[in-house]
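The values are calculated or read from the model by the stated rules, or taken from the named source; none is laboratory data. On a predicted model such as this, the values are computed, not experimentally measured, just so you know. As a convention, Cβ positions derive from the backbone with ideal geometry for all residues, glycine included, and neighbour counts pool all protein chains shown. We work out accessible area using only protein heavy atoms, side chains counted, and drop any ligands, DNA or RNA first. Shrake-Rupley method; radii C 1.70, N 1.55, O 1.52, S 1.80 Å.
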Amino acid sequence: MASSDDYLLENLVELGFVTQQQVENAQLDADSTGDGVVDTLVKSDVLRTLDLAHAKAAYFGKEYVNLGELRLSDEVIASVPRHLAKKYRAVPVFATEGEITVAIADPSDLEAIDGLEQSLNAVVNVNIATEQDIEESLNRYYESNDEGVAKMIQDITEGNVGEMTLSDIGNLADDGGELDADTPIIRLVSQIILDAYKIGASDIHLEPMEHEFRIRYRIDGVCMAQPSPPRRLFPPIISRLKIMAKMKIDEKRIPQDGRIQTPVAGGKTIDLRVSCLPTSHGESIVMRILDKEGLKLGLAELGFFADDQLTFERLISLPDGILLVTGPTGSGKTTTLYSCLNFINKPDRKIITVEDPVEYQLAGINQVQVNNDIKFTFSAALRAMLRQAPNIIMLGEIRDLETASIAMQASITGHLVFSTLHTNDAPSAVTRLVDMGIKPFLVASAARGLMAQRLVRKVCKSCAEKSLPPKEDLEMLGINLDEIENANFTHGKGCSVCNKTGYKGRFGLFEVFVLNDDSRRLIFRNATANELRAHARAIGMRTLREDGIRKAIAGATTTRAVIRATATDSH
């Protein structure tokens, strides 16, 4: 079988890379082995691969590039996803909007070039490199030891997994047998989790739609679509996850909760909290990634400016009373509470938490998990733990009157209590407790501080650049540039580190309401939330939006991110 490179023989002789006699000798050997003449010349060390690459460049009028001498940026590498680079054996060397230059070893492979253009939706220019350079660059820049989700999906879709495997996995009983860890579906599920962990996702969403099976990762609070498997792979993937989470895979009518512990890179293990919900098109699974080692427990890491941090440190160092952190689901309240406990955790203090569930194990702290199946509720756990003589108590959430009453009583009998509430701002926590049935005088006596928080996206440090915000953003936030000194507005232009979003990570926006005697008098006479808010601002409370504005001016986030995070705070 002739090599596709044999068209170069005449050029190789003309360029002086080989002689006519060497070609004729190689032809004889090629006839006996079935190899191409050019392949035979290379194998017998008559023709160097470098010379072959130069011959191809001359023949096609392309530029030769030595990939080993280049240091390609993350932005350039990110212009061609890993699965495409490996599929088409192409290494990106230059990229602009709508146009990408790649190095390949075979410029005659028009199918590969067309495939790249269609997949990337860009004009693809070609440089020539040696096979060895291509291979080494793919290993260096794309971590060839890791199989990406997209590549694995492609392999399965192209028939590399048999129908028996699919049906076997889909029909496993919840106490069924073990499957080979190399089964494609099992490797795909593991890779979905690994990719989510590597990219810094907080949640993995697997959602069956009418005609597709959608996978999304929540990254810095925003859901981002990932390569989607064919709809036919939905049942075995869901079944595999239910087995891992110790759920009943034959139960598809009711919601189920579970937990997965799985190894990731470097021998590290992460926990995933798994929720399975029946929908009209099948079961939807959401997995919350709980990375104990990745939890940042320092108050500074939460995003406090120095003044708010000092105020907060004073509040959490008080001997008694209750401190409430408020905000919607996913606003970082639990992480803030853990950071509080970490800050005040000393050997001379006994700290007990009641959580549902216990998300992170904290050294030196007694953590109790609620179990509603046996009626071990928040209130029951709280009563029991008070008999353990704690100094500090943390309640995952105040959900009902009974729990709130016990927490209030504990806070005025010498215990420091931390907990959370679902309210939009700090002053509303007071009216929420009163609405639950707590007497205003009890709230006034117990409460020491109320803090509302939101999470806002952080500008990526790797691609941050100075940039004035849009005029409409400034108007919406009430920012007058003439009145600001030393403004440092920035935005991220997008790079491989931040997945082209311009943001990497999140931090908190806070409004801290420290109660004084006037505050307590207002609460005692059952003041409205608006009255309390006006009073709180009068004594120095900065609103969520105001905190966001000063952090945008400092360049930590953008005005657009602040507007999005504080949509409910127009004050």
Q.
Consider the stretch 328-343. How many of its residues are open to solvent by less than 50 Å² (accessible area, probe 1.4 Å) and within 16 Å of LEU395 (Cα to Cα)?
A. 9
Q) So SER284 fits all but one of (1) in contact with a His (Cβ under 8 Å, 6 or more places away or on another chain); (2) over 29 Å from MET408 (Cβ atoms); (3) hydroxyl-bearing (Ser, Thr, Tyr); (4) open to solvent by 50 Å² or more (accessible area, probe 1.4 Å); what number is the exception? A) (4)
Q. So which of VAL358, VAL325 ends up being aliphatic (A, V, I, L, M), assigned to a loop (DSSP other than H, G, I, E, B) and either in contact with a Cys (Cβ under 8 Å, 6 or more places away or on another chain) or open to solvent by less than 20 Å² (accessible area, probe 1.4 Å) (or both)?
A. VAL358
**Q.** Evaluation of ASP435 against (1) in contact (Cβ under 8 Å) with a residue 60 or more places away in the chain; (2) open to solvent by 10 Å² or more (accessible area, probe 1.4 Å) (one fails), failing number
**A.** (1)
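Here are some residues: ASP257, ASP220, ASP203. Which one is in contact (Cβ under 8 Å) with a residue 12 or more places away in the chain, on the phi > 0 side of the Ramachandran plot and either touching a strand residue (DSSP E or B) at 6+ places or on another chain (Cβ under 7 Å) or surrounded by 21 or more Cβ atoms within 10 Å (Cβ to Cβ) (or both)?
After ruling out the rest, the residue left standing is ASP220.
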Q: Only one of these is assigned to a loop (DSSP other than H, G, I, E, B), at pLDDT 90 or above, open to solvent by 60 Å² or more (accessible area, probe 1.4 Å) and not hydrophobic (A, V, I, L, M, F, W, C): PRO319, PRO347. Name it.
A: PRO319
Q.
Looking for something in contact with a strand residue (DSSP E or B) (Cβ under 8 Å, 6 or more places away or on another chain) and either under 23 Å from ARG140 (Cα atoms) or not in a loop (DSSP other than H, G, I, E, B) (or both) - is there at least one such residue anywhere in the stretch 10-30?
A. no
Q: Evaluate the following for GLY548: is it assigned to a helix (DSSP H, G or I) and modelled with pLDDT under 95?
A: yes
Q | Single residue of ALA534, ALA567 found to be open to solvent by 60 Å² or more (accessible area, probe 1.4 Å), of a type in the set (Gly, Ala, Ser) and outside any loop (DSSP other than H, G, I, E, B) | A | ALA534
Q: Pull up the stretch 184-225, narrow it to residues that are among the β-branched types (Val, Ile, Thr) and outside any helix (DSSP H, G or I), then point me to the one that is farthest from CYS460 (Cα to Cα).
A: ILE215
Q | Residues (touching a helix residue (DSSP H, G or I) at 6+ places or on another chain (Cβ under 7 Å) and over 21 Å from ALA58 (Cα atoms)) located in the stretch 23-32 | A | ALA26, GLN27, ASP29, ALA30
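Yes/no per residue for (1) more than 23 Å from ASP308 (Cα to Cα); (2) not in a helix (DSSP H, G or I):
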site	(1), (2)
GLU472	yes, no
PHE510	no, yes
ARG520	no, no
GLY540	no, yes
(Q) Residues to consider are PRO440, PRO470; find the one that is surrounded by fewer than 18 Cβ atoms within 10 Å (Cβ to Cβ) and not polar (S, T, N, Q). (A) PRO470
**Q.** When residues of the stretch 485-495 are limited to those that are open to solvent by 30 Å² or more (accessible area, probe 1.4 Å) and within 34 Å of the chain's Cα centre (by Cα), the one nearest to ILE199 (Cα to Cα)
**A.** LYS493
Q | Test: PHE378 is more than 24 Å from ASP518 (Cα to Cα), crowded, with 20+ Cβ neighbours inside 10 Å and out of contact with any Pro (no Cβ under 8 Å at 6 or more places or on another chain) | A | yes
(Q) Every residue in the stretch 496-528 that is of a type in the set (A, V, I, L, M) and surrounded by fewer than 18 Cβ atoms within 10 Å (Cβ to Cβ), please. (A) VAL497
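How many of the residues in the stretch 433-460 are assigned to a loop (DSSP other than H, G, I, E, B), touching a helix residue (DSSP H, G or I) at 6+ places or on another chain (Cβ under 7 Å) and at negative phi?
Selection size over the stretch 433-460: 1.
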Q.
Being open to solvent by 40 Å² or more (accessible area, probe 1.4 Å) and of a type in the set (Ser, Thr, Tyr) is the filter here; which residues of the stretch 32-68 pass it?
A. SER32, THR33, SER44, THR49, TYR59, TYR64
